[in-house]
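Written out below as C-alpha cells is the structure these notes cover.
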Amino acid sequence: MNYILLGPPGAGKGTQAKKIVEKFSIVHLSTGDMFRQAKQSDKAIASLMEAGKLIPDDVVVNMVKNRLKKDDVKNGFLLDGFPRTLNQAVELDKMLKTENIKIDAVFSIIIDNDEAVRRISGRRMCECGASFHVDFLPPKVKDLCDYCKKKLFQRADDKEEVVKERLKVYDAQTKPLIDYYTKAGLLVDIDGSQSESAVFDQISKFIANKK
Ligand SMILES: [Zn+2]
C-alpha cells in the first residue's frame, strides 16, 4: 500500500493525508515534516528555509531516499509534498526500483483556482493559534478572536495575489507530473470541491478495494 498524494494549496491535502495514514496504518512521508526536522540539525537547510528559498532538488531527493530505506515504510506509505516536479518523479522511480517498492496509485485532488483562492485568502489567524475563515468559520465579532479577543490577521502567504502566484507555480510544476502518472496508469482524480469527509470516503474506498 504505497500512495502519492497531489493537490494544490487549498485542496485540503494535509487533512486528508492525516486521515489516510491513520485509517490504514501507513507511514506519512511528508517532505514538509522532513524539512522541519532537518532544519534542527542541518544549518544549510535551515538558512535556505529562513530565507524562504526553495530547497534544491538533489537535497530533497536525498532526504526522501534516506527515508525510504527505513524499515517502517515496508508496511506502506503515503508520500505528501513529493514528488513536486517531473525530475523528482523520475528520481523517485529510480529509488523505488532500487528498493523494490511499487506505487499503487497517485491521488490528485482537484479544485478550481477560484475555489482555492476563496478557501485560502479567507483564512484569518490569531496569535493564540486559533484560526478562522471569513466565509466558512467566521469569528463571532468581525476580525476579533473568539477566544482571546485579539485582532485577527491574514498570513502573508494567504493574500490573494500570493495565493494566485502559488497556484500558478503549482499548475506549471504539476502538469507534467499528472501527465507522467497518467501515462503510468497510476493517476486517480479526486474531486476536491466535495466536503472533507466525501473526499476522504472516495480515497478510502479506492484503497480498500485495492487491498
Ligand atoms: Zn486568539
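The values are calculated or read from the model by the stated rules, or taken from the named source; none is laboratory data. Since we're looking at a predicted model, the values are computed, not measured. Please note: Cβ atoms are built from the backbone with ideal geometry, for glycine as well, and neighbour counts cover all protein chains shown. For accessibility, only protein heavy atoms count, side chains too; no ligands or nucleic acids. Shrake-Rupley method; radii C 1.70, N 1.55, O 1.52, S 1.80 Å.
Within region 94-211, the proportion of Cα pairs with more than 19 Å between them is 63 percent. Once the Cα atoms are used to define both axes, helix 86-99 deviates from the longest principal axis of the chain by about 50 degrees.
Bridge orientation summary for the chain: considering DSSP beta bridges with both residues in this region, about 25 percent are antiparallel. Calculated on the alpha-carbon coordinates, the convex hull of the chain measures out at 139 cubic angstrom per residue.
Under 13 Å of direct C-alpha separation, and excluding same-chain neighbours fewer than eight residues apart, K65 reaches these aspartates and glutamates: D57, E91, D93, E99.
The smallest convex shape that holds all Cα atoms of region 143-211, its convex hull, gives 144 Å³ per residue.
In region 61-129, if every C-alpha pair distance is counted and binned at 5 Å from zero, what percent goes to each bin? With a bin width of 5 Å, the distribution comes to 3, 11, 20, 18, 11, 9, 12, 11, 4, 0. Subtracting the Cα-Cα distance of I103 and V59 from their residue separation scaled by 0.36 nm leaves 13.6 nm. In the full protein context, the chain carries 58 Å² of accessible surface per residue, based on a 1.4 Å probe and ignoring ligands, DNA and RNA.
Under 16 Å Cα-Cα from K151, which aspartates and glutamates qualify once same-chain neighbours fewer than 8 residues away are excluded? Result set, ordered by chain and number: E127, D143. Each Lys and Arg Cβ is given +1 and each Asp and Glu Cβ -1; about its Cα centre, the chain then shows a dipole of about 460 debye. Restricting the trypsin sites (Lys or Arg not before Pro) of region 83-119 to loop positions (DSSP other than H, G, I, E, B) with no more than 11 neighbouring Cβ atoms within 10 Å leaves K102. Report the chymotrypsin sites (Phe, Trp or Tyr not before Pro) located in region 79-162 that are in a DSSP loop and have at most 11 other Cβ atoms inside 10 Å of their Cβ, or state none. Here the sparse-neighbourhood loop sites are F136, Y147. Both radii were evaluated on the Cα set of region 1-108; the Rg over Rh quotient, with Rh as the Kirkwood radius, amounts to 0.95.
Per-atom-type breakdown for the chain gives carbon and sulfur 51% of the accessible area (1.4 Å probe, protein chains only). The 3J(HN,Hα) values that the Karplus relation (6.51, -1.76, 1.60; θ = phi - 60°) gives for region 122-132 are, in residue order, x, 5, 10, 10, 10, 4, 6, x, 6, 9, 9 Hz. Gly and Pro appear as x.
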